[in-house]
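Below: one structure, written as structure tokens.
What follows draws every value from the coordinates through simple rules; no lab data is involved. Model, not experiment: these values are computed from the prediction.
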Amino acid sequence: MASSYSFDVVSEVNMQEVDNAVNQTIKEISQRYDFKGSKTEVELGEEEIKIVSDDEFKLNSVIEILKGKFIKRGISVKALDFGKLEKGSMGSVRQTAKLVKGISKEKAKEITGEIKNSKVKVQAQIMDTQVRVSGKNKDDLQEAIALLKSKDFGIDLQFTNYR
């Protein structure tokens, strides 16, 4: 029996599912009557999704369609970090949504602080873009997972490498 157990807290995005969600969004936009003749584009980059549309109303409709496709594909909407709305030429608008991958240093500090304040008998340490939680008892690890699931850190958390 192991003397210590651990798991990793990560924030990952399945890029294949993101690609599928973007492609489904593009397909739905091309088929919808309210987008006929509109110059609406959704483009997936390496780390972001660019959305361009004729006006703000259509842009918001595209964002809602995209969010719906993300949910259907099992991707958290928290993985999208929308930038500010930019005005383009001829009344067009554009917005970029960055894909949140990994846990930032600030969020990692917030997570480890939450674990330490909870008085659960586990140790949390920051390892680059993830947080490793270790303890002598599996029940304590389960309690730490339940604690993290109950809090909202603004990002989607997954618990991997449980051993």
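When segment 52-68 is examined, which residues are found to be outside any strand (DSSP E or B) and under 20 Å from V18 (Cα atoms)? Even if it seems obvious, please write down each step before you answer.
Residues of segment 52-68 that are outside any strand (DSSP E or B), as a first pass: 54-68.
Answer for segment 52-68, where residues must be outside any strand (DSSP E or B) and under 20 Å from V18 (Cα atoms): L59, N60, S61, V62, I63, E64, I65, L66, K67, G68.
If I filter segment 27-51 down to residues being assigned to a strand (DSSP E or B) and under 21 Å from the mean Cα position of the chain (by Cα), which single residue comes out as nearest to K98 (Cα to Cα)? Explain how you work it out, then say what you get.
First pass over segment 27-51, keeping only residues assigned to a strand (DSSP E or B): 41-44, 48-51.
Filter again for under 21 Å from the mean Cα position of the chain (by Cα), leaving 42-44, 48-51.
Working: V42: 13, E43: 12, L44: 10, E48: 4, I49: 6, K50: 9, I51: 11 Å.
The qualifying residue nearest to K98 (Cα to Cα) is E48.
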